[in-house]
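Report on one structure; see the data block that follows.
We did not get these values from a lab; they are worked out from the coordinates using the rules stated. On a predicted model such as this, the values are computed, not experimentally measured, just so you know. Don't worry about glycine lacking a Cβ; one is built from the backbone with ideal geometry, like all the others, and counts go over all protein chains shown.
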Amino acid sequence: MQFRDRYPETMARFDRFWQGAETDRPLLFITAPKDQPDTAVGWAKPENPADRVLPENMVAQAQAQLAHTAYFAEGFPHFFVNFGPGVLHACIGGEADFSSPDTTWFPRFLSDLEEFTHLRFDPQGKWWSRIVAATDALLAELGDELVVSFTDIGGCADIVASAVGREDLLIDVLERPDLVKTAVDHCHKLWMEAYEANRAAFAGRQDVTTAWWPAISRGRTYMTQCDFNALISPKIFADLFADELGAIFTQLDNAAYHLDGIGTEVQVPALLAQNGLQCIQWVPAPGTSALRHRRMLREIQEAGVSVTFLIAPEEVEQACKEFDPRRLLLNISCQSEAQATELVENTLRWCR
């Protein structure tokens with residue numbers, strides 16, 4: 001998709017968002033069920049959960065999304081090439097378990113952390129070849145209609161944890177921190193190889209990049225992560241993992257970070273200390289509102305970093321009044337096209 005030609009105003013707003021430039025309202029990625037969906041295109045679900053990553057099934061899922069979903073404001077057709085969170089695990093020697101219909105499991109495959117530096121990224125391997133095949137099929141079949149995302153490569157700490165076992169890595173951060181740092185630094189090299197291989201799949205066919213979270217960039221972007229940070233202290237996170245994330249931030253044009261879960265707020269200072277971070281996506285505890293953490297979110301904005309999160313339509317007015325719109329991307333699911341249209345109009349009024 002030549003996004004910049006088809007969505008020039010949306011692209012311009014994303015440019016301003018990454019720069020923290022002046023704007024009349026926040027970025028709004030709004031979706032709603034179509035008033036008149038194409039009922040001939042259904043939401044097919046494979047009988048075998050593992051078949052959901054077959055190219056033809058991903059294309060079918062994307063077609064259903066286009067047939068049933070309307071987009072408003074900065075919302076745009078966006079499809080996530082989902083092979084599970086941290087699929088790099090399966091592309092450096094591990095395996096992927098797709099037996100569950102809703103998630104992917106990555107079984108441990110190393111007996112000790114010392115083995116990690118022997119791993120190599122194999123762009124011709126079984127799992128990466130399947131990722132490329134699905135990406136190619138989506139671009140070939142629907143590339144003129146939607147934006148195709150990177151796969152979820154994962155976070156380096158999380159990939160190391162899945163390879164050696166989370167419990168063992170927790171012991172290692174205390175007993176063998178130097179070895180942990182060496183493993184994470186090696187994983188960084190593998191991560192960058194996978195990132196560039198994934199990016200190469202879009203060359204000449206899509207003029208923006210995006211991750212699973214719908215934020216687009218003219219250059220390199222990604223939603224980085226370290227879910228392992230929920231299990232460790234701020235000191236351990238800062239000493240062993242934050243620098244590696246900072247290295248990724250500086251190698252991207254527009255770097256974002258996925259901050260997920262109870263207790264992870266304590267890692268924000270170490271993240272903000274890294275150069276190159278432009279946006280933090282906040283995921284609060286299940287069933288709670290991101291607005292409960294308004295103080296933290298405002299502190300992030302005051303540090304010159306944007307924030308983004310899911311929000312209910314009825315909470316948007318409060319968000320407009322409490323946050324800097326220059327550094328705010330709201331992801332909103334409306335119940336109808338009428339509600340979505342009204343919400344865009346109201347947001348302009350609330351921001352005046």
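Worth pointing out:
- Scanning residues 5 or more positions from Phe83 or on other chains, those with amide H under 5 Å from its amide H are Asp152, with H placed 1.01 Å from N in the peptide plane.
- The charge dipole of the range 44-173, taken about its Cα centre with unit charges on the Cβ atoms of Lys, Arg (+1), Asp and Glu (-1) only, comes to about 160 debye.
- Averaged over residues, the count of other Cβ atoms within 10 Å places the peptides 88-98, 41-51 in the sequence 88-98, 41-51, highest first.
- Amide proton proximity set for Thr224, modelled H, under 5 Å, gap of 5+: Ala256, Tyr257, His258
- Amide H contacts of Thr210 (H built 1.01 Å from N, in plane; Pro and chain starts excluded): Phe150 sit under 5 Å, all sequence-distant by 5 or more or on other chains.
- Contact order, relative form, for the range 29-177: 29 percent (alpha carbon pairs under 8 Å, 6 or more residues apart, mean separation divided by residue count).
- Among Asp158, Asp5, Asp260, Asp38, the ranking by other beta carbons within 10 Å of each residue's beta carbon, starting with the fewest, stands as Asp5, Asp38, Asp260, Asp158.
- Put a plus charge on the Cβ of each Lys and Arg, a minus charge on the Cβ of each Asp and Glu, and nothing anywhere else: the dipole of the range 1-109 about its Cα centre is then about 140 debye.
- Ordering Pro26, Pro101, Gly84 by the projection of their Cα atoms onto the charge dipole of the chain, which places +1 on the Cβ of Lys and Arg and -1 on the Cβ of Asp and Glu, puts Pro26 at the extreme positive end.
- 10 Å binning of all Cα-Cα separations within the range 1-131, expressed as whole percents from 0 upward: 10, 27, 26, 24, 11, 1
- Placing +1 on the Cβ of every Lys and Arg and -1 on the Cβ of every Asp and Glu, with no other charges, gives the chain a dipole of roughly 680 debye about its Cα centre.
- Ignoring lysines fewer than eight residues from Lys235 along the same chain, the ones with Cα atoms less than 19 angstrom from its Cα are Lys181.
- Cα extents for the range 267-352 along the principal axes, largest to smallest and rounded to whole angstrom: 42, 30, 19.
- Here the 3J(HN,Hα) profile of the range 260-269, calculated from phi with Karplus coefficients 6.51, -1.76 and 1.60 at θ = phi - 60°, is 10, x, 4, x, 6, 4, 5, 8, 4, x Hz, Gly and Pro shown as x.
- Averaging Cα coordinates gives a centre for the range 272-301 and one for the range 57-103; these two points are 24 Å apart.
- Membrane-span-like helices in the chain, defined purely by DSSP H runs whose alpha carbon atoms cover 18 Å or more axially and whose average Kyte-Doolittle hydropathy reaches -0.5, are 55-68, 126-142, 337-351.
- Residue exposure sequence - Val53, Val283, Val160 - by fewest surrounding Cβ within 10 Å: Val283, Val53, Val160
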